[in-house]
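As structure tokens, the structure follows; a few thoughts come after it.
The values are calculated or read from the model by the stated rules, or taken from the named source; none is laboratory data. Quick caveat, the model's predicted, so the values are computed rather than measured. Positions of Cβ are backbone-derived with ideal geometry, glycine not excepted, and every protein chain shown enters the neighbour counts. Side chains included, ligands, DNA and RNA excluded: accessible areas come from the protein's heavy atoms. Shrake-Rupley method; radii C 1.70, N 1.55, O 1.52, S 1.80 Å.
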Amino acid sequence: MSLVVNGCTDDPPTQGTASVSAQATSPRPATPTTTPEPVRLPDDAPTLSDVIPAPASVRAAEKDNFALTKQTVISAPDDAKAAGDYLADVLRPATGFPLRVVPGEDDAGGIRLVLREGGDPRDESYRLEIARDGVTLSAASKDGLFAGAHTLRQLLPADVERGKTVDREWVLAGGVIEDEPRFGYRGAMLDVARHFFGVDVVKRYIDRVAQYKINYLHLHLADDQGWRIEIDGWPKLTEVGARNEVGGGKGGFYTKQQYREIVAYAASRGVTIVPEIDMPGHTNAALTSYAKLNCDGNAPPPYTDTKVGFSSLCIDKKVTYEFARDVITQIAEMTPGPYLHIGGDEANSTTDADYRKFFDKVLPMIVKAGKRPIGWHEYAKADVPRSGVVQYWRIETEDAPTRRQANSGRRVLMSPAHRTYLDMKYEESNPWGNSWAGPVDVRKAYEWEPTNELAGVGAGAVLGVEAPLWTELVTTEDEIERMAFPRMQAIAEVGWSKRTKWDDFRERLAGQAERMTAQGIAFHRDTGVPW
Ligand code: TNX
């Protein structure tokens, strides 16, 4: 019998634990409970400390590396099945192993998913133990299992992301990771209104962000340039309002079925969809579709430019609220997640009094539909329900209405543009991106403190962080990827990890290059990262 332990062939396979003492001598009885030989970690396999976002605690055990084989089974009872299926899904193509997902305990040694009974469904902590005789991922909730599954995915070599069979060893570094998130909300936003992106692009974006433990995808579904979701009783929203985008392209929309498909796909990756219909401004596409939504009864022409702040629903018309109610109830009905985003930003052609009047009527509709409202921070001027969330997006460090809402118990989602806006240029000299919030390189996206960014909005008020990608200037999937990656990893780590250090992060980020390349992500080689 030859022992191979991290390249050292004569190491005894002992490590001070009782369970391994029996197999130092050979031959061993061939029972399924026998601990297998130590296996060497391939040079290109990540270590437990390479993971992004950085886990809370890592304990490496070199002799406990675990080798996946074609016999490896994933055992995932009941509620653990979704995370088990996810793992099988991402590991099968490159390994070529069947990786059956079975409900019962797996005696043969494999990957065991364990959902601890009676856990809080919001508890995303997990424990991942990788040992020679098997891998155990345990958590108190489904979301915790997903978080652990994302970690496990990253612990396999980048080859696992190639999408086709690679004939090689598949070894996980041994040890234990105990991990939990700093914030419960770690979001990405995709603007599918300024330029429309189809279901497949959205699904790939979900897959790409989910692997870094982004757990919410906010879809900006309507703006001046386009309406992107089918609403029963309002067919012109999609017949007319969807047929445009910035620059005059053909636009598009999601049918209800396609929206549900996106929601379900997101759930299969541990991601929750947050739908946004921006009101009362940013509504030219709706106003173009229905003349009756305009105060003067005249539909404006479609809009394909990029200015903001010129449109408003008619605050004093009854039909405005019939429209809002239909949209809100139908979208709420298709959305299992807790949040519904109602926009509220840059309503520059709505007076303050009208703005409040509008939200006095509309915010209770969201609560009645069973959802927690989120609004861009301008809506902090309105009467935000107790369950409401304020999303801060400006670059200033002071905003009195947001502070007031935070003081009265509303949660704040942090998207300061100079840190989290993925539509901004990376560097001044960069040809692509917006400039109004200044350049946002990876370091800028990484080195900030969400509970210290906005005066009066501290640790108790911050719900989490979100990285929005506005798409006035983004027209293709490659452009989405170039703007999002690798700033997405920075925001993901700010949202998940408690202790963060740029010098350490940039090294780990460089380690993601091969993985992103294998996935076909057209990421930007930010100059601050030692790629
Ligand atoms: C401001 S951020 C907007 C968007 C634009 C974005 C471009 C926010 C709530 N409103 O309408 O797309 O700037 O960076």
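Brief remarks on what is shown
- Selection status of Thr329, open to solvent by less than 20 Å² (accessible area, probe 1.4 Å) and either under 25 Å from Thr238 (Cβ atoms) or within 16 Å of the ligand (Cβ to nearest atom) (or both): no
- Within the stretch 390-401, being in contact with a Gly (Cβ under 8 Å, 6 or more places away or on another chain) and buried (at least 23 other Cβ atoms within 10 Å of the Cβ) holds for Val390, Gln391.
- Yes/no for Lys361 being within 16 Å of the ligand (Cβ to nearest atom), among the charged types (D, E, K, R) and either on the phi < 0 side of the Ramachandran plot or surrounded by 14 or more Cβ atoms within 10 Å (Cβ to Cβ) (or both): no
- Looking only at the stretch 408-460, and only at residues there that are open to solvent by 40 Å² or more (accessible area, probe 1.4 Å) and of a type in the set (Phe, Trp, Tyr), the one that is farthest from the ligand (Cβ to nearest atom): Trp432
- Restricting Ile277, Ile273 to those that are within 16 Å of the ligand (Cβ to nearest atom), open to solvent by less than 20 Å² (accessible area, probe 1.4 Å), on the phi < 0 side of the Ramachandran plot and touching a Gly at 6+ places or on another chain (Cβ under 9 Å) reduces the list to Ile277.
- Note on the stretch 466-489: residues that are in contact with a Leu (Cβ under 7 Å, 6 or more places away or on another chain) and within 19 Å of Lys213 (Cβ to Cβ) amount to 8.
- Qualifying residues in the stretch 116-133 (those that are surrounded by fewer than 21 Cβ atoms within 10 Å (Cβ to Cβ) and modelled with pLDDT of 95 or more) - the one farthest from Asp43 (Cα to Cα): Asp123
- Of note, Asp478 satisfies the criterion of being open to solvent by 30 Å² or more (accessible area, probe 1.4 Å) and either at pLDDT 95 or above or not acidic (Asp, Glu) (or both).
- Residue, surrounded by the fewest Cβ atoms within 10 Å (Cβ to Cβ), within the stretch 490-510, restricted to residues that are assigned to a loop (DSSP other than H, G, I, E, B), touching a residue at least 12 places away in the same chain (Cβ under 8 Å) and not small (Gly, Ala, Ser): Arg499
- Counted residues, the stretch 124-144 - those being closer than 19 Å to Glu62 by Cβ and out of contact with any Leu (no Cβ under 9 Å at 6 or more places or on another chain): 4
- Of all residues in the stretch 461-490, exactly one satisfies the criterion of being more than 17 Å from Asn430 (Cα to Cα), among the charged types (D, E, K, R) and within 16 Å of the ligand (Cβ to nearest atom), namely Glu466.
- Gly344 passes every criterion in (1) within 16 Å of the ligand (Cβ to nearest atom); (2) small (Gly, Ala, Ser); (3) surrounded by fewer than 22 Cβ atoms within 10 Å (Cβ to Cβ); (4) under 20 Å from His218 (Cα atoms) apart from (3).
- The condition (being open to solvent by less than 30 Å² (accessible area, probe 1.4 Å), of a type in the set (Gly, Ala, Ser) and farther than 27 Å from Trp376 by Cβ) is satisfied by just one residue among Ala484, Ala467, Ala513: Ala513.
- Qualifying residue in the stretch 170-181 (condition: within 20 Å of Val274 (Cβ to Cβ), within 16 Å of the ligand (Cβ to nearest atom) and either open to solvent by less than 10 Å² (accessible area, probe 1.4 Å) or touching a Pro at 6+ places or on another chain (Cβ under 9 Å) (or both)): no
- Restricting the stretch 211-247 to residues that are hydrophobic (A, V, I, L, M, F, W, C), free of Cβ contacts under 8 Å to residues at least 60 places away in the same chain and assigned to a strand (DSSP E or B), the residue that is surrounded by the fewest Cβ atoms within 10 Å (Cβ to Cβ): Leu217
- Residue pairs whose Cβ atoms lie under 6 Å apart, sitting 6 or more positions apart in sequence or on different chains, and linking a residue in the stretch 409-432 that is in the same structural domain as Trp393 (by TED's automatic domain parsing) to a partner that is of a type outside the set (Lys, Arg) and assigned to a helix (DSSP H, G or I), are Val412/Ala406; Met414/Pro450; Arg419/Ala445; Thr420/Ile491; Leu422/Met483; Leu422/Ala484.
- For Asp207, the requirement of being surrounded by fewer than 22 Cβ atoms within 10 Å (Cβ to Cβ) and under 30 Å from Leu152 (Cα atoms) is met.
- Residues (more than 17 Å from Ala242 (Cα to Cα), surrounded by fewer than 15 Cβ atoms within 10 Å (Cβ to Cβ) and not hydrophobic (A, V, I, L, M, F, W, C)) located in the stretch 293-325: Asp296, Gly297, Asn298, Lys307, Gly309, Asp316, Lys318, Glu322
- Filter result for Val51 (within 20 Å of Ser125 (Cβ to Cβ), of a type in the set (Val, Ile, Thr) and modelled with pLDDT of 95 or more): yes
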